[in-house]
Amino acid sequence: MKVEILYEDADLIVCVKPYGMPTQGDKSHDIDLLSYLKRYIYEKEELEEEPYLAVVHRLDRPVGGIMVLAKTQSAAARLSDQVQDGGMVKFYQAVLTGELPNEFGTMEDYLLKDGKTNTSKIVKKGTKGAKRAELDYEVLDVMETDDGILTYVLIQLITGRHHQIRVQMASRGAGIYGDTKYNPRFAKTKRIYKQAALFATRLEFEHPVTGEHMVFKCEPEGEAFEVIELDEF
């Protein structure tokens, strides 16, 4: 599984995480993005010891798209600050099964993570441990297909909670296509979906050293998005 590098300098590396690859090591022991990139840097720079590389934000395993990782501790701290204060801007493209109530809007919920099952669910405001989750969406197209009605959306993630987009969309009856964890249409399927039709398509942030405003874009590819005609947009 090859990782596409979009940009690299002494402070950071921007890449496209493939669908199905964990961001960090997990119990599957499959190759993860962090380990892959550490090896890439180690071999490229002919180092004698393991390089420093830090994850400052994550993408779920079945989700693909643009990520930035920090190559120094100071860069990691400054990028993490941008993640926390909303300075890092993240856009996603997604294919949903079903329709949303409006052509555009904001979703705001409170999510509670269950570490034992590695899932999150929507709960009432004030629930102990719950965190506010917010996103904006715009419907790009609604299609009648052999798979039923599918909705193609652009999403701006305002807060980055655990499985946030997947949970919030599924709660509105329009889960992510191919999401076997939250979309009832795929939860009991015998087919193994290694991709969900959710892709981090645009990432913006300030360079942690130079302060330059950086923008990276990438269009989704792969089986999960082949159910729609992306060239139309």
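The values are calculated or read from the model by the stated rules, or taken from the named source; none is laboratory data. Worth saying up front: this structure is predicted, and the values here are computed from it rather than measured. Cβ atoms come from the backbone with ideal geometry, glycine included; neighbour counts cover every protein chain shown. When the accessible area is computed, the model is the full protein with side chains, heavy atoms only, and any ligands, DNA or RNA have been set aside. Shrake-Rupley method; radii C 1.70, N 1.55, O 1.52, S 1.80 Å.
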Extension reserve of the Asp81-Asp141 stretch, reckoned as 0.36 nm per residue once the Cα distance is removed:
18.1 nm
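Cα-Cα over 31 Å: which of Lys2/Lys121; Lys17/Lys181; Lys38/Lys188; Lys27/Lys188; Lys125/Lys217; Lys181/Lys217?
Violating the 31 Å Cα-Cα cut-off are Lys2/Lys121; Lys38/Lys188; Lys125/Lys217.
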If I model a spin label as a point 7 Å beyond the Cα along the Cα-Cβ vector, how far apart are those points for Leu47 and Lys124 in nm?
5.0 nm
Contour excess over end-to-end distance, with Cα ends at Arg132 and Arg58 and 0.36 nm allotted per residue
24.9 nm
Residue separation between Gln156 and Glu226 times 0.36 nm, minus their alpha-carbon distance, gives in nm 23.0 nm
Accessible area of segment 1-115 belonging to carbon and sulfur atoms, whole % at 1.4 Å probe:
46 percent
For Arg61, tell me the accessible area in Å² from a 1.4 Å probe, rounded to the nearest 10.
80 Å²
Which of rounded, prolate, oblate describes segment 92-216, given a ≥ b ≥ c as roots of the alpha-carbon gyration tensor eigenvalues and a/c under 1.5 marking rounded, otherwise prolate only if a/b is larger than b/c?
oblate
Residues of segment 127-192: accessible area per residue with a 1.4 Å probe, Å²
51 Å²
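List the residue ranges in the chain for DSSP H helices whose C-alpha atoms run 15 angstrom or more along the long axis and whose Kyte-Doolittle average is -1.0 or above. Don't skip to the answer; put the middle values down first.
On the way: long enough: 33-44 (16 Å, -0.38); 73-85 (18 Å, -0.78).
Helices meeting the span and hydropathy rule in the chain are 33-44, 73-85.
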For a quick check of your reading of the filter: which GluC sites (Glu not before Pro) in segment 24-65 sit in a DSSP loop and have no more than 10 other Cβ atoms within 10 Å?
Glu45, Glu46, Glu48, Glu49
Cross-link partners of Lys113 among aspartates and glutamates (Cα-Cα below 12 Å; sequence separation of 8 or more within a chain)
none
Grab the DSSP H runs of the chain that are 4 residues or longer, score each as -39,500 (n - 2.57), total them, divide by all residues and round the 222 nm result to the nearest 500 deg cm²/dmol.
-4500 deg cm²/dmol
To the nearest 20 Debye, how big is the dipole of the chain about its Cα centre, given +1 on the beta carbon of each Lys and Arg and -1 on that of each Asp and Glu?
1580 debye
Leaving ligands, DNA and RNA out of it, rank Leu154, Leu33 by accessible area with a 1.4 Å probe, largest first.
Leu154, Leu33
